[in-house]
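For reference, the structure is listed below as structure tokens.
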Amino acid sequence: MPEINKTTVGVAVVAGALGVNYINKKMNQEPGREPWDPRVDSQVHYDYVILGGGTAGCVLAARLAEDPNINVLVLEAGYTDDINASKTPAMMSTLWRTDVDWNLRTVPQVHAFGRVMDQPRGKLLGGSSSINAMMYHRGAASDYDEWELLGNPGWSYKECLHYFKKSEGLNDPRLPASHPQGPLTNRTKKPQYEEFEPEFHGTDGPWQITYHHMFGVSESFVRANMAIGVPFNKDFNGTSTIGVNRVQTFLQRNAVRSSLSRAFLSPKENVPGGGARGRIRIVYGAHIARILVQKRRGVKIAIGAEFLDENHVMHKVMAVKEVLLSAGAFGSPHILMASGISPEPHPTIPHIHTLAGVGRNLADHLGVPVNFRALPHCHTFDSEARFYRIPKLVYDYRVHGIGPLSSQGAESVCFVRLEDVSPEFVAREKANGTWQDRSSGPLAPHFEVLLAPSYFRHHTKTKAPDNGNYFTLVGLLLNPVSSGRVKISEVQDGKIQTLIDPNYFEDEFDTRVMAEMVRFIRRIGQQMRQDSTCGAVEAYPGVDSVPNDDDVKLQEYVKRESSVYYHPTSTCRMGPSSDSLAVVDARLNVYGIDRLRVVDASIMPKVPAAHTCAPTVMIAEKAADMIKEDWKDVVNSSKDPTIAKL
């Protein structure tokens, strides 16, 4: 049967996903989850107003509403994530550059040939947990110990582990379907890749974590790494994160994405863990304009927020207790600056409070791909997703929860240190006096290589040159030296744009490390070529075009081909009052503004060598407990929270 070009199939899939998104956005709304109704909603007193219904916002709302007397309001710019393209793991890339993506882009990167790079971020309930690759990875223990050493008491790994485990509902894939934590699918079990260390995991949390699908090429990747000396790691979230294996993923027992919306805000009468639920009102289509700040007895206090509803009508809402900002590493600094809380006065916005660190310290994990052509029989997404097989793929997933559509894509990864895999590079850098070890400790990785079971470049914008069978190895820089900044534009036509400048490659050490990553990726590829189930041959860039011994061409390739890998952090970083660039303290209170906290990835003092969804959930879990503790003793006194009402 003749092949149909994959681009045509891709366009059809994307068009279908867009249609489903639109229909669901307008029609699949549950009570308590709809646009603002001023006749009803303005009559309610909300204890907490959460700005953003993303990863952290969903967790915060659910945990704060464990008190049945609490009213929580969540203002979310997007709509429901109860759409097929979000629920189906392999369809995540069809959500990028659609109405459920903020469609953010960087400013031209002066150290990367002026390139403008996409920054996919989820604009729907669940935020980026509803459109990402579902990789559950916490990072090294020393990453969190370093946070505490930077002046943030209570944030060591020992103290954070409780909150990682609290949210987690690990489903053991080795259990039978009859077990309440066993898989509900006919998945192929691969027990040699499915071990874990129980003492590091929770089983009772609402966020379902498991192992699920694994392509044959993902197994070949593991074998190739081990053949060149990378140790096998049975659990990246256990004793150590160094080594190679498949990753744990946040999928439900039925192979549906376990987004944070689905995990923490599923429509039910009980909160996670049981008990009566307080009221949670989720407002869709709510774009935050600014945080309202009032000065009382010389103290600046956050009292609420202004937002535009889906009809572009402005509304005010007041918080009885606190305003909780959970709009992410781009959205949170944007909202603070739009509210007049910024490093310096803005030409078109009244200045309320000076905080030098707002929008600074932006860090992310930049990734460089190398594409490989595999043998026709190599088990990849490309080998499975031929046009004539699509009905079977859909049937297998919808009925049995198996097959390529149940894959979250990057199934296998390795985490390594440079001195282990490139000792000559380290020695040369040290001899030149240019070595910089930004890792948090000797057991924390310098970079990661992940396997994508298809042709992957520039967030799928660049398509494969033909209908061949491809896979991609992507190297991620986990400890960047370069850092950037988020700013906002002047008000134009009533709108303020988010200006994102990650400042990639500002420090040439980052460039040299990423060039070395390409050399290491090629070693893995050469080993996979010897695997009869794979037979990899480098397709792009090719060693003839970009030789291993040509530093100039390697570094140019890195700067032209690298893309972001969805882990922006640290733009409202946590730190002690002595840190001039700290925005929040160790309890996530914004310095100088009472009753305002930031709770999301923006508060990370330093980007961890991790996939940042799990750390963000941990932050929200810990924040919820701190908020409850801080309000526990405020009852009918001069500190009565009702004075915040207007």
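Of everything in the stretch 500-509 that's touching a strand residue (DSSP E or B) at 6+ places or on another chain (Cβ under 6 Å) and not in a loop (DSSP other than H, G, I, E, B), which residue is surrounded by the fewest Cβ atoms within 10 Å (Cβ to Cβ)? It would help to see each step written out before you state the result.
Within the stretch 500-509, the first condition is being touching a strand residue (DSSP E or B) at 6+ places or on another chain (Cβ under 6 Å), and the residues that meet it are 500-504.
Still in the list and also not in a loop (DSSP other than H, G, I, E, B): 500-501.
Working: Ile500: 26, Asp501: 17.
Here the residue is Asp501.
Residues of the stretch 553-605 that are over 20 Å from Asn371 (Cα atoms), out of contact with any Leu (no Cβ under 8 Å at 6 or more places or on another chain) and part of a helix (DSSP H, G or I): Ala601, Ser602.
Looking only at residues of the stretch 510-535 that are assigned to a helix (DSSP H, G or I) and among the charged types (D, E, K, R), we find that the one that is nearest to Thr380 (Cα to Cα) is Arg529. Scanning the stretch 107-124 turns up one or more residues that are touching a Pro at 6+ places or on another chain (Cβ under 6 Å) and at pLDDT 95 or above. Of all residues in the stretch 387-419, those satisfying the criterion of being hydroxyl-bearing (Ser, Thr, Tyr) and touching a residue at least 40 places away in the same chain (Cβ under 8 Å) are Tyr388, Tyr397, Ser406, Ser407, Ser412.
Per-residue answers, yes or no, for (1) farther than 22 Å from Gly32 by Cβ; (2) within 21 Å of the chain's Cα centre (by Cα):
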| residue | (1), (2) |
| --- | --- |
| Ser266 | no, yes |
| Val283 | no, no |
| Leu324 | no, yes |
| Ala329 | yes, yes |
| Ser339 | yes, no |
| Thr354 | yes, no |
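All of (1) assigned to a loop (DSSP other than H, G, I, E, B); (2) surrounded by fewer than 18 Cβ atoms within 10 Å (Cβ to Cβ) hold for Glu199 with one exception: (1).
In the stretch 614-623, is there at least one residue being touching a Gly at 6+ places or on another chain (Cβ under 7 Å) and either closer than 19 Å to Glu168 by Cα or not assigned by TED's automatic domain parsing to the domain that holds Leu60 (or both)? There is at least one residue in the stretch 614-623 that is touching a Gly at 6+ places or on another chain (Cβ under 7 Å) and either closer than 19 Å to Glu168 by Cα or not assigned by TED's automatic domain parsing to the domain that holds Leu60 (or both).
Considering only the stretch 536-552, state which residues are modelled with pLDDT of 95 or more and either in a loop (DSSP other than H, G, I, E, B) or among the small types (Gly, Ala, Ser) (or both).
Initially, the stretch 536-552 is screened for residues modelled with pLDDT of 95 or more, giving 537-552.
Passing the criteria: Ala539, Pro541, Gly542, Val543, Asp544, Ser545, Val546, Pro547, Asn548, Asp549, Asp550.
Among the residues making up the stretch 442-468, those that are surrounded by fewer than 24 Cβ atoms within 10 Å (Cβ to Cβ) and among the polar types (S, T, N, Q) are Thr460, Thr462, Asn467. Screening Thr98 on (1) β-branched (Val, Ile, Thr); (2) surrounded by fewer than 20 Cβ atoms within 10 Å (Cβ to Cβ); (3) more than 18 Å from the chain's Cα centre (by Cα) shows it passes everything except condition (3).
Restricting the search to strands (runs of 3 or more DSSP E) fully inside the stretch 407-499 and requiring at least 1 residues that are under 24 Å from Phe520 (Cβ atoms) gives 412-416, 447-452, 470-477. For the residues Ser326, Ser258, the requirement of being surrounded by 16 or more Cβ atoms within 10 Å (Cβ to Cβ), touching a residue at least 60 places away in the same chain (Cβ under 8 Å) and closer than 26 Å to Gly592 by Cβ singles out Ser326.
Looking only at the stretch 223-255, count how many residues are touching a strand residue (DSSP E or B) at 6+ places or on another chain (Cβ under 7 Å), surrounded by fewer than 24 Cβ atoms within 10 Å (Cβ to Cβ) and assigned to a helix (DSSP H, G or I). Final tally of qualifying residues: 1.
Of the helices (runs of 4 or more DSSP H) contained entirely in the stretch 1-72, those carrying at least 2 residues that are surrounded by 20 or more Cβ atoms within 10 Å (Cβ to Cβ) and modelled with pLDDT under 95 fall at 6-27. Hey, can you tell me all the residues within the stretch 603-612 that are farther than 19 Å from Asp625 by Cα and touching a helix residue (DSSP H, G or I) at 6+ places or on another chain (Cβ under 7 Å)? Listed by number, the residues that qualify are Pro605, Lys606, Pro608, Ala609, Ala610, Thr612.
Looking across the stretch 239-254, the residues that are more than 13 Å from Ala133 (Cα to Cα), at pLDDT 95 or above and of a type outside the set (S, T, N, Q) come down to Ile242, Gly243, Val244, Arg246. Within the stretch 207-232, the set of residues being without any contact (Cβ under 8 Å) to a residue 40 or more places away in the chain and either within 22 Å of Ala444 (Cβ to Cβ) or among the β-branched types (Val, Ile, Thr) (or both) comprises Met226, Pro231, Phe232.
Based on this model, can you work out whether Arg253 counts as within 20 Å of Ser167 (Cα to Cα) and not assigned by TED's automatic domain parsing to the domain that holds Pro453? No; evaluated as a whole, the condition is false for this residue. Taking strands (runs of 3 or more DSSP E) as the structural unit, those lying wholly within the stretch 284-360 and holding at least 2 residues that are within 29 Å of Gly126 (Cβ to Cβ) and among the β-branched types (Val, Ile, Thr) correspond to 287-296, 314-325. From the list Lys165, Lys189, the lone residue that is out of contact with any helix residue (DSSP H, G or I) (no Cβ under 8 Å at 6 or more places or on another chain) and basic (Lys, Arg) is Lys189. Within the stretch 329-340, being over 17 Å from Leu362 (Cβ atoms) and surrounded by 23 or more Cβ atoms within 10 Å (Cβ to Cβ) holds for one residue alone: Ser339.
The values are calculated or read from the model by the stated rules, or taken from the named source; none is laboratory data. Given the structure is predicted, the values throughout are model-derived calculations rather than measurements. Here the Cβ is made from the backbone with ideal geometry for all residues, glycine too, and neighbour counts use every protein chain on show.
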